[in-house]
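Colleague: Take this structure, written in structure tokens, and hold onto it; I'll ask about it next.
The values are calculated or read from the model by the stated rules, or taken from the named source; none is laboratory data. What you see is a predicted model; the values in this text were computed from it and never measured. Please note: Cβ atoms are built from the backbone with ideal geometry, for glycine as well, and neighbour counts cover all protein chains shown.
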Amino acid sequence: MRAALAQVGLVLVLAGCADLPTFSDLNRLPGFSRSLVKMETHYDPTILGYRTKGEDVSGSPALRSVTGKKIQTEQELDRLIAASEQAVIGSGTKYTAYGLVGLYAPINLVDTLVAVLPNVPLYFASSTLNEAHQTALEAAYLSGREHFDRGEFREALADWDSAKAAASNLHFYSDVDYWRGRALEASGKSSEAFIAYRTFLSYSESTRPPYFKQQVTSDMTWAEVASDIKKRLHGVPAAP
């Protein structure tokens, strides 16, 4: 009976109907990886949020909630740590699990090779497509900046909205929402400008995305942009 069940399980795995656990799967389980609660944190006023402490403190990532929002208050930090606490399992249980996964390793290796090898050509094709995507994204951003400088706010917003639609995480690493706020404010759309400004303060960490090759030398630093936004928010009504 045991041999028959083992054969059925092996057939299901090789047929792609079931998955055997791997070491990376175990490391994602509570107790197998380091808990966030053990990490030291510090508040970085330049980004209005908490960072994890590491060897390079200034370059460590900002702590974020599950929705991607930066952790900016002590209350948010406490909730994040409380939600991230992990139960510690016994060493015997851990080593037994690792031993069993080690037995599955040859099958997982064959399964991985069967899944990966046919996709190698796609990797090179995707690299080319990604580069074209980043080039188009940067072009849309810079086009919006040029329209804004000429007072063409509708066209500028169209370019920036297109860039945000093409890269859903653009608001994390760029100043696009600052410029959207400026254009919306100049167009008399105060409520929308308020939302754009608050989005910049809550999410972005730097002035522009790292993959933008062209630089606008007159750009302000992140802290200068944040300071300018705070001044502008006094004259912009909150969104209903």
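Colleague: Could you look through region 189-218, keep only residues that are among the basic types (Lys, Arg) and at pLDDT below 85, and pick out the one that is nearest to the chain's Cα centre (by Cα)?
Modeller: ARG208
Colleague: Let me ask you something else. Find all pairs meeting these conditions: Cβ atoms under 7 angstrom apart; at least six residues apart or on different chains; first residue within region 166-177 and among the hydroxyl-bearing types (Ser, Thr, Tyr); second residue part of a loop (DSSP other than H, G, I, E, B).
Modeller: Every condition considered, the pairs that remain are TYR173/SER204; TYR173/GLU205; TYR173/SER206; TYR173/PRO209; TYR173/PRO210; SER174/SER204; SER174/ARG208; SER174/PRO209.
Colleague: Report, ordered by the first and then the second residue, all pairs with beta carbons closer than 7 Å, sequence separation of six or more or different chains, a first member in region 131-157 that is acidic (Asp, Glu), and a second member that is outside any helix (DSSP H, G or I).
Modeller: GLU138/PHE212; GLU138/LYS213; GLU138/GLN214
Colleague: Could you please find all residues in region 93-145 being polar (S, T, N, Q) and in contact with a helix residue (DSSP H, G or I) (Cβ under 6 Å, 6 or more places away or on another chain)?
Modeller: SER143 - this is the single residue of region 93-145 that is polar (S, T, N, Q) and in contact with a helix residue (DSSP H, G or I) (Cβ under 6 Å, 6 or more places away or on another chain).
Colleague: Go through region 146-181 and count every residue that is out of contact with any helix residue (DSSP H, G or I) (no Cβ under 7 Å at 6 or more places or on another chain) and modelled with pLDDT of 90 or more.
Modeller: Matching residues across region 146-181 total 9.
Colleague: Go through region 143-187 and count every residue that is hydroxyl-bearing (Ser, Thr, Tyr), part of a helix (DSSP H, G or I) and farther than 27 Å from LEU129 by Cα. Outline the logic, then answer.
Modeller: Initially, region 143-187 is screened for residues hydroxyl-bearing (Ser, Thr, Tyr), giving 143, 162, 168, 173-174, 178, 187.
Next, from what is left, pick out any that are part of a helix (DSSP H, G or I): 143, 162, 173, 178.
Of the ones still in play, those that are also farther than 27 Å from LEU129 by Cα are 178.
Result for region 143-187: 1.
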